[in-house]
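Before any comments, here is the structure.
The values are calculated or read from the model by the stated rules, or taken from the named source; none is laboratory data. This one's a predicted model, so the numbers in the text were calculated from it and none came from an experiment. Note that each Cβ is placed from the backbone with ideal geometry, even for glycine, and that neighbours are counted across all protein chains shown.
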Amino acid sequence: QQQVKQSPQSLIVQKGGISIINCAYENTAFDYFPWYQQFPGKGPALLIAIRPDVSEKKEGRFTISFNKSAKQFSLHIMDSQPGDSATYFCAASKITSGSRLTFGEGTQLTVNP
Amino acid sequence: GAGVSQTPSNKVTEKGKYVELRCDPISGHTALYWYRQSLGQGPEFLIYFQGTGAADDSGLPNDRFFAVRPEGSVSTLKIQRTERGDSAVYLCASSLTYRDRSNEQFFGPGTRLTVL
């Protein structure tokens, strides 16, 4: 019941296109849903995060859509750029202090110029 | 300011040997986490420290794995009798822990452990 499932495993998008990555979770106790971006040889870096009291959060070209009833959330990258090529991980946790993150399997995004 | 640092960046060892991996968190962060990332997978939680004490060690795979944080800052992950299956990138993260703040965790670059 701690799993977070992520799809697709890999994604190829043309420059300027929209990249969409989806995640589903099982544990209804989760109340914090971040997306992390990871480049080769680097640790994950927080991109954007959402709490379940809102259905959407936008920061620049990045938007999280959240569907609490379906236990699903997604990342949309607008106007995708070659520099966005990286591995993206969704995650979930409880917001109580010090909660562990449960990560999805990751999506390798390639944005072609 | 400086981010989370981890040493060594790479460690190659032989099966059965003992290894220590070090993590230096962001100054002032009271929470420290260890995760393990296998090739092509998302990070998996190992252990979490709040201050000096291990608040949650339920992710440690077996008793060959142990971690300490004696002064509430630097942490060391210790692996005894290493096995080939221990080969992975070991990530450390730290965060501020205030009741009303989000649980933003800042990750280090990781230590790539290879057990031959």
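Here are the numbers:
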{"quantity": "Of all residues in the range A:37-63 being more than 13 Å from chain B (Cβ to nearest Cβ) and in contact with a Lys or Arg (Cβ under 9 Å, 6 or more places away or on another chain), the one that is surrounded by the fewest Cβ atoms within 10 Å (Cβ to Cβ)", "calculated": "A:S55"}
{"quantity": "Out of A:I21, A:I48, A:I95, A:I64, sole residue that is hydrophobic (A, V, I, L, M, F, W, C), in contact with a strand residue (DSSP E or B) (Cβ under 7 Å, 6 or more places away or on another chain) and assigned to a loop (DSSP other than H, G, I, E, B)", "calculated": "A:I95"}
{"quantity": "Which listed residue is free of Cβ contacts under 8 Å to residues at least 40 places away in the same chain, out of contact with any Asp or Glu (no Cβ under 7 Å at 6 or more places or on another chain), aromatic (F, W, Y) and over 21 Å from A:I95 (Cβ atoms), from B:F66, B:F45, B:F49", "calculated": "B:F66"}
{"quantity": "Condition met for A:S10 (in contact (Cβ under 8 Å) with a residue 40 or more places away in the chain and of a type outside the set (D, E, K, R))", "calculated": "yes"}
{"quantity": "Qualifying position, being within 13 Å of another protein chain (Cβ to nearest Cβ), part of a loop (DSSP other than H, G, I, E, B) and either touching a strand residue (DSSP E or B) at 6+ places or on another chain (Cβ under 9 Å) or farther than 26 Å from A:G106 by Cβ (or both), among B:L46, B:L39", "calculated": "B:L39"}
{"quantity": "Hits in the range A:64-113 (condition: within 24 Å of A:P40 (Cβ to Cβ), crowded, with 20+ Cβ neighbours inside 10 Å and facing chain B (nearest Cβ under 8 Å))", "calculated": "A:F89, A:A91, A:L101, A:T102, A:F103, A:G104, A:G106"}
{"quantity": "Qualifying residues in the range A:1-36 (those that are surrounded by 17 or more Cβ atoms within 10 Å (Cβ to Cβ) and small (G, A, S)) - the one farthest from the other protein chains (Cβ to nearest Cβ)", "calculated": "A:S19"}
{"quantity": "Count - residues of the range A:46-83 that are of a type in the set (K, R) and within 21 Å of A:K15 (Cβ to Cβ)", "calculated": "2"}
{"quantity": "Filtered residues of the range A:31-45 (kept if within 20 Å of A:K15 (Cα to Cα) and outside any strand (DSSP E or B))", "calculated": "A:F39"}
{"quantity": "Selected residue [more than 11 Å from chain A (Cβ to nearest Cβ), crowded, with 16+ Cβ neighbours inside 10 Å and part of a strand (DSSP E or B)] from B:L91, B:L21, B:L32, B:L60", "calculated": "B:L21"}
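Residue by residue, here is whether (1) within 27 Å of B:Y33 (Cα to Cα); (2) at pLDDT 95 or above holds:
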| residue | (1), (2) |
| --- | --- |
| A:S10 | no, yes |
| A:N27 | yes, no |
| A:D31 | yes, no |
| A:P44 | yes, yes |
| A:L75 | yes, yes |
| A:M78 | no, yes |
| A:L101 | yes, no |
| A:T110 | no, yes |
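Condition check ((1) over 28 Å from A:Q6 (Cα atoms); (2) away from chain A (no Cβ under 14 Å); (3) at pLDDT 95 or above; (4) not in a loop (DSSP other than H, G, I, E, B)) across all residues:
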{"position": "B:S27", "(1), (2), (3), (4)": "yes, yes, no, no"}
{"position": "B:E71", "(1), (2), (3), (4)": "yes, yes, no, no"}
{"position": "B:K78", "(1), (2), (3), (4)": "yes, yes, yes, yes"}
{"position": "B:R81", "(1), (2), (3), (4)": "yes, yes, yes, no"}
{"position": "B:T97", "(1), (2), (3), (4)": "no, no, no, no"}
{"position": "B:N103", "(1), (2), (3), (4)": "no, no, no, no"}
